[in-house]
Amino acid sequence: MVVVKADGYNHGALPVAQAALGAGAREIGVTTVGEAVELRTAGIDAPILCWLNLPDADFGAAIAADIEIGVSSTRHLDAVAAAAVAAKTPATVSIKVDSGLNRNGVSPQEYPRVLDALARYARDGSVRLRGIFSHLAHADQPHNPVIDVQRQRFLDAVDAAKARNLAPEVIHLANSAATLTRPDLHFDMVRPGIAVYGLTPVPDLGEYGLRPVMTLRARVA
C-alpha cells in the first residue's frame, strides 16, 4: 500500500497514486474520506483505505465510493454501521489497534467492546471486516525494544479477533522504516510513505539508494 496522504506529501496525490499502481503497488492509503473520494472520482479503481477521520465524517460517501474505512473506536464503528444501514450497502472496515503509538487506534481497554460490536454488525450484514492494522512508534530505531512489544501486542489483537470468528483478510504494521529494516514486520502488506518519495526514513542507517522525486529550483535574484 502506497500512502498518498496530504496530497501525496505535496507531490500530488493523483499522479503519485497512478505512478505507484503502475509500478506494482496494490493499494492506496490516505487519511480522510475526502482524500479517498477525490482519488476514486479521478479514476483510481484500486483498493483505498482511509484511517484518520472524525466520528462524524461522511462515511456514506466512503461507502458509496467503495472506500475501506479504518475505525479507531466503538463510536467510529457505530457511525460507519449507521451509514451502511442508511445506504443499504455493507461497509468495508479495517480495525486500527493502538499498539503503542498513542496517536489513534482502538485502545486495549476498548478493544473487546469494539470486537463485540463488530461481531454484531458482521452478523447483521452492515459491516465487513477486511483488515487489522497498527502503526509503529519507533520504527526509525530498528532495534528499539518497543518495536517487539508492539509486534506482540498487534499479534495478540489479531488473535483476539480470530477468537471471536472475526478473521481479517489482511494484517499490516510496517511503515517506511520497518519496510526497509524489519522484514519480520511485513505480514500481508507494507505501507511505505516517505520512502516512496525518495527520502530515507532512517537517516542514521543510510539512504538505501533512494532518490528524491521532487527537486526545487529557483533563480537567484
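The values are calculated or read from the model by the stated rules, or taken from the named source; none is laboratory data. Note that the coordinates shown come from a computational prediction; the quantities given were computed from them, not determined experimentally. Cβ atoms come from the backbone with ideal geometry, glycine included; neighbour counts cover every protein chain shown. The area values use the complete protein model at the heavy-atom level, side chains included, leaving out ligands, DNA and RNA. Shrake-Rupley method; radii C 1.70, N 1.55, O 1.52, S 1.80 Å.
Here the contact order of region 22-155, divided by its residue count and restricted to Cα pairs under 8 Å and six or more residues apart, works out to 19 percent. Report summary: the helix-based calculation at 222 nm, which adds -39500 (n - 2.57) for every DSSP H run with n ≥ 4 and divides by the residues of the chain, gives -11500 deg cm²/dmol. Remark: spin-label model distance THR41-ASP188 equals 3.0 nm, labels positioned 7 Å along the Cα→Cβ axis. Taken as entire DSSP H runs, the helices of the chain that both span 15 Å or more between Cα atoms along their own long axis and average -1.0 or more on the Kyte-Doolittle scale are 74-87, 111-124, 145-163. Along the axis of the charge dipole computed for region 1-145 (Cβ charges of +1 for Lys and Arg, -1 for Asp and Glu, origin at the Cα centre), the listed residues ILE44, HIS11, SER107 are led at the positive end by SER107. Straight-line reach only, C-alpha to C-alpha below 19 angstrom: list the aspartates and glutamates that LYS162 could link to, leaving out same-chain residues fewer than 8 apart. Within the straight-line cut-off, LYS162 pairs with ASP98, GLU110, ASP116, ASP124, ASP188. Taking only protein heavy atoms and a 1.4 Å probe, the accessible area of region 78-221 is 53% carbon and sulfur. Between the entries [x] 17.5, 49; [y] 17.9, 66; [z] 19.9, 78, the label attached to Rg and Dmax of the Cα atoms in Å calculated for this structure is [y].
In loop segments of region 44-103 as defined by DSSP, the trypsin sites (Lys or Arg not before Pro) with at most 15 further C-beta atoms inside 10 Å of their C-beta are LYS88, ARG103. Each of THR41, THR92, THR215 has its accessible area taken with a 1.4 Å probe; listed largest first, they run THR41, THR215, THR92. Straight-line cross-link reach from LYS5 at under 14 Å between alpha-carbon atoms covers these aspartates and glutamates, not counting any fewer than eight positions away in the same chain: GLU27, GLU35, GLU38. Highest GNM mean-square fluctuation among ALA42, ALA117, ALA195, for the chain modelled with Cα contacts below 10 Å: ALA42.
Anisotropy class assigned to region 153-194 is prolate, per the alpha carbon gyration tensor with a/c at or over the 1.5 cut-off and a/b larger than b/c. Using a probe of 1.4 angstrom and keeping all protein chains present, the accessible surface of the chain works out to 49 square angstrom per residue.
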